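What follows draws every value from the coordinates through simple rules; no lab data is involved. Source: prediction; values computed, not measured. Here the Cβ is made from the backbone with ideal geometry for all residues, glycine too, and neighbour counts use every protein chain on show.
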């Protein structure tokens, strides 16, 4: 059984993190946030606040990644802080729904776009979704060098598309002659909190950097650089794009827009530009799928290394620098979810969307592990220590706890809490079965 080598350049790692975070969400959530805040000043402030909270989380992860470098990322941190059983449940949720569900949903986004160009029959979107899952899984199996090159090109195209939206919005704003009122009214605390939930969800994904930092040469300093530079790029791009949409369409126009980016491009440059942005949205989906595959398979690999009953998942193909069996397992589960989504799309969407309580609850535990591991392993060498300790990790834990509460409340309103509980319950059953098998062996 082999372990990962440092085959990933810092530039490739940054492109993976940026590609994970900047997905189709940035094309949808600005309109929702504008409707919730109802004020230009609060709209800008909530996007800035989301970036600051995400940066606080990245600093916490920088300490954990440099003190406990491992391709298992969050799984490894949770295992060190709370034991293997809780870490197993986290890896189970990621493997069965969180990562694979995200891959499948993004594949459907790509499938919907391709269907508008080249329909493949009654289940065209599902067919395109399955094809892209197979193609990108094959790209990752070919090796980390190949998949990281694909990621860099896709991320560059994605960022170029967002920059073009920003240019269009700023151009429209410069010619409209209109003015925006900043902090003329304050949204209710509930509306402001809900807006922050959507913003943080749009920033979500940076935490996956924990799975690849052990494969970046340069040691702790490079790890910190990858995390911080990635977040700063994302923060700048998000602030630029959201502000451009705001001044390009106005607060009312943005809050009532169903496709703000496409609308801004169409108004500024014509129908061809709007169509081009549609292609950029499809590329964003591909970028996020590829990045999710890269990091998601590494959770499965760490799981296989820790549990002998799942040893096949822990195999590492040294020549290509990939967890081959973990990638294949991830691809099979993703294809199964694509098939399920084709037959019962509403149930599929609910199954994936309402696993958010599980994700944010575990992210809260990761933030808390900064405190736990400092207490349990006070003599562990920490090349990087989170600044302003304990304030920074407290801020991160508080935001994660709030998102856990908000996602549970929303899931409860949709009668979907059982989905999250069902995933964890099944994981508990599998865990008990594995432990019994190991005792009998």
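Table for the structure above
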item	result
Cα gyration tensor of region 1-93 - equivalent ellipsoid semi-axes, whole Å, descending	33, 17, 14
Relative contact order (percent, whole number), the chain, Cα cutoff 8 Å, 6+ residue spacing	33
Among 389, 61, 402: highest mean-square fluctuation, GNM of the chain, C-alpha pairs under 10 Å	389
Distance between modelled label sites at residue 191 and residue 85, nm, 7 Å Cα→Cβ extension	4.7
Efficiency of FRET between residue 123 and residue 10 - r from beta-carbon atoms, R0 45 angstrom, step 0.05	0.60
The chain: angle of helix 324-343 to the longest principal axis, Cα-based, in degrees nearest 10	50
GNM flexibility winner over the chain from 236, 46, 338 (Cα, springs under 10 Å)	236
Potential lengthening between residue 391 and residue 225 on full extension [0.36 nm per residue; Cα-Cα distance subtracted]	57.6 nm
Estimated FRET transfer efficiency when R0 is 60 angstrom, pair residue 112-residue 379 (beta carbons, to 0.05)	0.65
Burial order of peptide ranges 89-101, 283-295, 363-375, 119-131 (average beta-carbon count within 10 Å, highest first)	283-295, 89-101, 363-375, 119-131
Two-site label geometry, residue 276 and residue 153: point separation in nm, points 7 Å out along Cα→Cβ	1.9
For the chain, built as a Gaussian network whose Cα springs stay under 10 Å, the top-fluctuating residue of 265, 191, 280	191
With Cα atoms, 0 to 90° folded angle of helix 417-440 axis to the chain main axis	20
Semi-axis lengths, Å, the chain, gyration tensor of Cα atoms, sqrt of 5 times eigenvalues	34, 25, 21
Rounded to 10°, Cα long-axis angle of helix 84-93 versus longest principal axis of the chain	40
Mean ellipticity per residue at 222 nm, deg cm²/dmol - from DSSP H runs of n ≥ 4 across the chain, formula -39500 (n - 2.57)	-26000 deg cm²/dmol
Extension gain, residue 315 back to residue 160 (0.36 nm per residue minus Cα-Cα distance, nm)	52.1 nm
